[in-house]
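Reading through the structure tokens given below for one structure.
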Amino acid sequence: MKDKLKATPVTDHSQDGEFPMILEWLVKPGLIVDVGARGRERSNSFDLLSRFGWKGLLVEANPALYDEIMRDFSGTDYRLVRCAVAEVEGILPFYIGANDDVSSLLRDAASGWGDLRGQVDVHVRRLGAILDEHWIPHRFDILSLDIEGLDVEVFNDLIDNTPYRPKLVIMEASYDFKTKDLNDVGSSKAVQDAYEICGQTRANLFLSRKNDFGGLF
């Protein structure tokens, strides 16, 4: 495994504010697909879109969040897909958790954080079909998955059954740093053949395409 990326605060030690300008030059515009977009808070896409000129395909299942997303991302280059994502397609119940961060297609995943606030039927689609519909390049820059218990299954489905191979993947499968290997979380053989863990936070794993990290920028 490559050395882990470290999540450290960004501090500007430059003479007169040059460091933020250097960052903007280095982080060249790219494309992020953010599944479980939520809104600005806790977002892996907002800063890239609002500060660095990236494009974003945002996917969100919770109808209660659509107005917030449109307000927060106003003025950025994004498209919003209003549906849930899973390995299957159809209409399924979506369980609204104690807060919007923990709502899920999986009742246990939503209720594990407290009493449910309700449920709503939502349109469920497979990720590959969404990417096809929006003409996303097969080797796009970043895929962020935060879909409360379905991250691994959805990424397996994408890699096992489509030609999409994002350069960097962020998915909620670190489990407080307990995950040491992709096999620990049930990643498919195709995923393990193509990706490796390159970084980790308490909640998320960062996966890079093998022999390809560094190509993002």
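Read the figures in this text as sums done on the coordinates, not as results from a lab. Quantities reported herein were computed from a predicted structural model and do not represent experimental measurements. Reconstructed Cβ throughout: ideal geometry from the backbone, glycine too, with neighbour counts over all protein chains shown.
Compute the label zone of ARG82 within the stretch 52-67: residues whose backbone N is under 20 Å from the point 7 Å along Cα-to-Cβ. Label zone hits: 56-67. Under 5 Å between amide hydrogens, built in the peptide plane, is the criterion, and for TYR195 it picks out LYS210 among residues at least 5 positions away or on other chains. Full extension of the chain between LYS210 and ASP115 yields a length gain of 30.1 nm, computed as 0.36 nm times the residue separation minus the alpha carbon distance. Toward the positive end of the charge dipole of the stretch 20-179, with +1 on the Cβ of Lys and Arg and -1 on the Cβ of Asp and Glu, the farthest Cα among VAL152, PRO20, LEU80 is that of PRO20. Classify the stretch 28-209: rounded, prolate or oblate, from the alpha-carbon gyration tensor (a ≥ b ≥ c, eigenvalue square roots; a/c under 1.5 rounded; otherwise prolate if a/b is larger than b/c)? It comes out rounded by the Cα gyration axes.
Which peptide among 97-107, 18-28, 173-183 comes first, and what is the full order, when sorted by highest mean count of other Cβ atoms within 10 Å? Please report the intermediate quantities before stating the final value.
Details: 97-107: 18.5, 18-28: 11.8, 173-183: 14.0.
The packing order, highest mean first, is 97-107, 173-183, 18-28.
The lysine pair count for the chain, using Cα distances under 13 Å and pairs eight or more places apart or on different chains, is 5. When only the Cβ of Lys, Arg, Asp and Glu is charged (+1, +1, -1, -1), the dipole of the chain relative to its Cα centre reaches about 420 debye.
Put in order of Cβ neighbour count within 10 Å, fewest first, the listed residues HIS134, HIS13 become HIS13, HIS134.
Quick one: length gained pulling ARG202 to ASP181 fully straight, 0.36 nm per residue minus the C-alpha distance? Kindly include the intermediate steps, with their values, before the conclusion.
Working: separation 21, 0.36 × 21 = 7.56 nm, distance 1.48 nm.
Answer, rounded to one decimal: 6.1 nm.
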